[in-house]
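Here, each number is a calculation from the coordinates, and none is a lab measurement. Just so it is clear, the structure is predicted and the values come from calculations on it, not from any experiment. A quick note on method: Cβ atoms are made from the backbone with ideal geometry, for glycine too, and the neighbour counts reach across all protein chains shown.
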Amino acid sequence: MVDTERLRKYHYNRVLIESARILSPQFADAVVFLSGAQIEMLRNVSQYLNRLDTYVSEYQPGYYLVPTDEDFDDILEIVADMEETLMGNPNTIWGYEDRWMEYKGVESTGAGTTYVSTNAVPAGYVYVLEHWNIYHLDDDPCGMTLGMGEQGGTPILYTAPAVPGEDVVYETTHITLKESDYLTLAIVGLPNESLARMRVWGHKMVVPE
């Protein structure tokens with residue numbers, strides 16, 4: 001039998017959304033960079049998403065059934081969360097501005113531990129570290145530590161007591177650096193005039209005022 005309370009006439013010019021795809025999404029959470037125009041469009045679309053007859057739980061010839069009251073309550077919570085992201089909390093979506101890439105090298109003076117650092121994140125920005133690699137060019141293994149802040153830093157992203165020469169250590173990651181944060185590579189036992197390298201890349205985002 002047809003549930004008349006949930007029955008809606010099917011209009012072919014309507015944009016309908018299967019409620020199951022909202023309640024059980026097929027995509028994992030992701031960081032998405034949106035332009036100002038895209039945010040404005042989504043803000044308006046979110047008003048359409050508050051309507052019960054936008055969603056379909058079952059198709060039939062000429063009509064469809066909307067979600068149950070319980071499912072629609074769950075959908076409205078998801079919509080409200082999106083509205084909060086788009087409108088209620090300006091710090092949730094930061095504007096993507098540009099790629100961030102730094103390539104730093106250092107020549108050891110042979111005085112114990114050698115350091116090389118990235119530039120500090122300037123005011124008004126957040127940098128997102130996506131990839132890094134480090135290596136040295138001495139024949140003998142050296143200790144290497146990559147961290148956030150001074151002298152290897154805290155938190156430590158990587159540390160090893162003996163990295164062979166020209167052995168590139170790399171990692172894909174997703175770490176946010178706020179204003180004044182920077183990365184430091186510490187190399188222990190690098191002989192005089194030997195070289196070490198650090199390459200980092202990711203993206204810059206503008207923090208709204």
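Considering only the range 1-124, what is the antiparallel percent among its DSSP beta bridges, to the nearest 5?
Details: 6 of 8 bridges.
Bridges in the range 1-124 are about 75 percent antiparallel.
Among 49, 146, 185, whose mean-square fluctuation peaks in a Gaussian network model of the chain (Cα, cutoff 10 Å)?
Fluctuation is largest for 49.
Using 1/(1 + (r/R0)^6) with R0 = 22 angstrom and r between the beta carbons of residue 24 and residue 4, what's the FRET efficiency to the nearest 0.05?
Working: r = 26 Å, r/R0 = 1.20.
So the FRET efficiency works out to roughly 0.25.
Give the residue from 169, 122, 159 lying farthest towards the positive end of the charge dipole for the range 95-206; charges sit on Cβ (+1 for Lys and Arg, -1 for Asp and Glu) and the dipole is referred to the Cα centre.
It is 122, whose Cα lies furthest towards the positive end.
Highest mean first, how do 137-143, 108-114 rank when packing is the count of other Cβ atoms within 10 Å averaged over residues?
Numbers: 137-143: 15.9, 108-114: 14.3.
Descending mean neighbour count gives 137-143, 108-114.
How much length would be gained if the chain were fully extended between residue 109 and residue 81, taking 0.36 nm per residue of separation minus their Cα-Cα distance, in nm to one decimal?
Working: separation 28, 0.36 × 28 = 10.08 nm, distance 5.48 nm.
Roughly 4.6 nm would be gained on extension.
In whole Å, largest first, what are the principal axis extents of the Cα atoms in the range 7-88?
Each principal axis gives a Cα extent; for the range 7-88 these are 40, 25, 21 Å.
Any chance you could run the full-extension gain for residue 101 through residue 17? It's 0.36 nm times the residue separation minus the Cα-Cα distance, nm to one decimal. Write out the running numbers ahead of the final one.
Values: separation 84, 0.36 × 84 = 30.24 nm, distance 4.06 nm.
Net length gain for the segment: 26.2 nm.
Could you work out the percent of alpha carbon pairs in the chain separated by over 21 Å, rounded to a whole number?
Values: 14251 of 21736 pairs.
When all Cα pairs of the chain are counted, 66 percent exceed 21 Å.
To make sure I understand, if each residue's beta carbon is the centre and we count other beta carbons within 10 Å, what order do 104, 178 fall in, fewest to most? Can you show the working numbers first?
On the way: 104 17, 178 10.
So the residues, fewest neighbours to most, are 178, 104.
What's the angle, to the nearest 10 degrees (0 to 90), between helix 69-83's Cα axis and the longest principal axis of the chain?
40
With charges set only on the Cβ (+1 for Lys and Arg, -1 for Asp and Glu), what does the dipole of the range 34-91 come to about its Cα centre, in debye to the nearest 20?
Working: 2 positive and 12 negative charges, 83 e Å.
Taking the Cα centre of the range 34-91 as origin, the dipole is about 400 debye.
Pull out a ≥ b ≥ c, the square roots of the eigenvalues of the alpha-carbon gyration tensor of the range 106-209, then state rounded if a/c is under 1.5, prolate if not and a/b is larger than b/c, and oblate in the remaining case. The partial results should precede the final answer.
Working: a/c = 2.60, a/b = 2.03, b/c = 1.28.
It is prolate, given that a/c is not under 1.5 and a/b is the larger ratio.
If you add up the charges near residue 137, with Lys and Arg at +1 and Asp and Glu at -1, over every other residue whose beta carbon is less than 15 angstrom from its beta carbon, what do you get? Working shown, then result.
Values: positive: 104, 197, 199; negative: 107, 138, 139, 140, 166, 167, 193.
That sum, taken over residues with Cβ under 15 Å, equals -4.
On C-alpha positions alone, give me the angle between the axis of helix 36-48 and the longest principal axis of the chain, in degrees, nearest 10.
Approximately 30 degrees, to the nearest ten.
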